[in-house]
Amino acid sequence: MKDTKKGILHILIVIAAIALMAVVVFVGVGSHHKGKAENIKLGLDLAGGVSITYEANADNPTEEQMNDTVYKLQKRVENYSTEAAVYKEGAKRINVDIPGVTDANAILEALGKAGSIQFVEPDGTVVIDGSDINTASAQTNTQGATSYEVKLELNGSGKEKFAEATERLVGQQISIVYDGSVIQAPTVNTAITDGVAVISGQESFEAAEDLAATIRIGALPLELKEVRSNVVGAKLGSEAIRTSLIAGLIGFILVILFMIIYYRIPGVAASIALTAYVAMVAIVLNGFNVTLTLPGIAGIILSIGMAVDANVIIFTRIREELATGKTVRSAIKMGFDKAMSAIVDGNITTLIAAVVLYLKGSGTVKGFAQTLGIGIVLSMVTALFVTKFVLNAFYNMGLDKEKFYGVQKKTKTIPFTKHFPKFAIFSIVLIAIGVGALFVNKSQIGEILNYGLDFKGGTSTEVTFTGDLPSNDEMAKAVEDATGCKAEISEVKGANALLVKTTELDLSKREALQTALQETYQVEEKNIQTESISASVSDEMKSDAIIAVIIAGICMLIYIWIRFKDFNFGASAVLALLHDVLVVFMVYSVARIAVDSNFIACMLTIVGYSVNATIVIFDRIRENKKKINDRNLEALAEVVDNSITETISRSINTSLTTFIMVFLLAILGVSSIRDFTIPLMVGIVCGAYSSICITGALWFCLKKITTKEKTSAKKAK
């Protein structure tokens, strides 16, 4: 039964809620304007930050010591920002780049002063040192009167040493000696055998944080001293944010127009829900102090695509119900009910990947996972609740005719299972081209891929100018003209200088760059300081990313297996995912696009996108095969073909809306953004292709094999 007043009231409530969120996004709340979009933390690539250089006190630190220190320091600074980068400079220096801040001194205080840490018995015997410590963190004890303490976590060797010492020293003090000075001497109250100790009695939470930071920095394999710190500008240039916002706005408007034109009244409801979704994302990013970078933007784009996808699934279901003769009211209810499983399974599968990547990854991987996870949760909320609330309100207002919703037309079933061998051959050829390009690249450029600065290190040149600073784009062109290498340019705030980072420059290229700077900008030789720098994506970070993806793949396989009660579904999804990743990898290989930290984010985006698209088709197969005996292979093939055909409009429409967003970033964005978005566009197209042409038919092939094996086994008995 319709209720016009109730419908109008509900629409006004939604509009008021969106208006309130808009005020928070554009104005903020309170004197500090909390929640305002302008206050979202931006990464080094978008807004710059602080760059600190440490130097090892040891005369000749080994490669292993330096690498271990870089990795552990990376873990330390991720407590401050997930997007921080740590890399070697020269033989004994380490750079720390932390985005979104402008106060180097505050960062140095947060990280802790350089030095070495030891825990010492009363007779002077060292119990443990920095090599035995995993981490330390401040915490508040609310049992009884509020108190503040430091939680100390030890590794395997530290656990054994500390257990032996504390058993002997109950009632005595163990001094914490930092850089030769005793900073605290807590009393041992009980033997500590589990490797986790609590240092209580801190006068404030800030004091506990200071002690924890001191222990963390002192637990590094090498003793470090700060040699310089400065504030640097955005690596992508000031234009990157402006062009990305313009591209995002235009893309969002085009997506809304498409949804309204194609889906009519449901499209209007989805547009309202998507507007609420964007506002919610901005507020949550601000509220959780998430540092937004280019990979983070990729995570948001993916989650917008998934938000659109959820609405598309629902609206397609509504049209299908109307085609069977249901009333509009009944079709809306049935549409949401039947779409629920596909939406929940698709989002949870991707959310599993996001959680694993956040827990096991580091740097770019962690930042990507954070924004993706936030986006997934909010997209589910808006699709399943806001869209439904608005759509029912429109119905109550009198928009209850079929013409406002559309009726799904019957389409001819396409025999995807029959043509699967052709699709498989096409995919194998694409992947083979990529593999062949690896060998060509190795012979022509000496590397199988065009590894960028993040992956293989290079040269950092600080150039101090006497006149006006050239723009980032102008400087990048001058460097490329002189050396043939693409460059990352950052402004050094307060120093009238630019920081130029390129892949490794040999002596001739360094001289060519120096000559170009002297002739073009009259820069004196003494104002050109050059150092070799290591890769900011360390071997450990690469292995972390690979391990995280493997674990995520296994977890997704298990979830799909359990939810669909068939291992073949999980295996098909993971194989299709691998297919999409390999095809995008082929693009990097053939086009020789620079492989940098954004490469990881691109691959992760494809992983999330591919799985979500696959789940929708699997959900329809699961539903349709209940009507047949799934041992009848001919009937099963027909079910697969019908299921893919029934969901093909969803697959195309979702891919199209996501493609629009990324395409506009590629057209309007700066060159480095284009290097990121072009493979992403290929991945979106490939994801649509694999979900339509590969996954369902692949599942049928695996099912056919297992069914024949079971039949043969029964006959043998």
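The values are calculated or read from the model by the stated rules, or taken from the named source; none is laboratory data. Keep in mind that what you see is a predicted model, and the values were worked out from it rather than measured. Cβ sites come from the backbone with ideal geometry, for glycine too, and all protein chains shown count toward neighbours. Side chains included, ligands, DNA and RNA excluded: accessible areas come from the protein's heavy atoms. Shrake-Rupley method; radii C 1.70, N 1.55, O 1.52, S 1.80 Å.
The Cα atoms of the range 357-471 give a gyration tensor whose axes a ≥ b ≥ c have a/c of 1.5 or more with a/b no greater than b/c, which makes the shape oblate.
Using the Cα gyration tensor of the range 497-568, with a ≥ b ≥ c the square roots of its eigenvalues, what is the shape: rounded (a/c below 1.5), prolate (a/b larger than b/c) or oblate (neither)?
prolate
The C-alpha atoms of the chain define a longest principal axis, and helix 539-564 lies at about 30 degrees to it. For the range 290-424, a/c is not less than 1.5, where a ≥ b ≥ c are the root eigenvalues of the C-alpha gyration tensor, and a/b does not top b/c. That puts it in the oblate class. When you count the other C-beta atoms within 10 angstrom of each residue and take the mean per peptide, 49-55, 385-391 line up highest first as 49-55, 385-391. Note on Rg and Dmax of the Cα atoms in Å: of the candidates [x] 26.8, 101; [y] 28.9, 90; [z] 30.2, 107, the value calculated from this structure sits at [y].
With the whole protein complex present, Arg242 retains an accessible surface near 120 Å², based on a 1.4 Å probe. Dividing the helix sum by the residues of the chain, where each DSSP H run of 4 or more adds -39500 (n - 2.57), gives a mean residue ellipticity at 222 nm of -20500 deg cm²/dmol. Annotation: amide H of Tyr451 within the under-5 Å range of Val595, sequence separation 5 or more or interchain, hydrogens built in the peptide plane. Here the chain has 59 percent of its accessible surface on carbon and sulfur atoms, given a 1.4 Å probe and all protein chains in place.
The C-alpha atoms of the chain define a longest principal axis, and helix 328-360 lies at about 20 degrees to it.
For a 19 Å ceiling on Cα separation, which of these pairs sit above it: Lys333/Lys625; Lys88/Lys442; Lys418/Lys703; Lys333/Lys626; Lys75/Lys151; Lys326/Lys401? With Cα atoms farther than 19 Å apart: Lys333/Lys625; Lys88/Lys442; Lys333/Lys626. Taking the square roots of 5 times each eigenvalue of the Cα gyration tensor of the range 537-629, largest first, gives ellipsoid semi-axes of 31, 15, 9 Å. Taking Cα atoms only, the orientation of helix 633-668 departs from the longest principal axis of the chain by about 50 degrees.
In what sequence, highest mean first, do 548-559, 251-262, 85-96 appear when ranked by Cβ atoms within 10 angstrom?
The most tightly packed comes first, giving 85-96, 548-559, 251-262.
All other residues whose Cβ lies under 15 angstrom from that of Leu507 are scored, Lys and Arg at +1 and Asp and Glu at -1, for a net of -3.
Highest mean first, how do 212-222, 522-532 rank when packing is the count of other Cβ atoms within 10 Å averaged over residues? The partial results should precede the final answer.
Working: 212-222: 23.8, 522-532: 13.0.
Put in order of decreasing packing, that is 212-222, 522-532.
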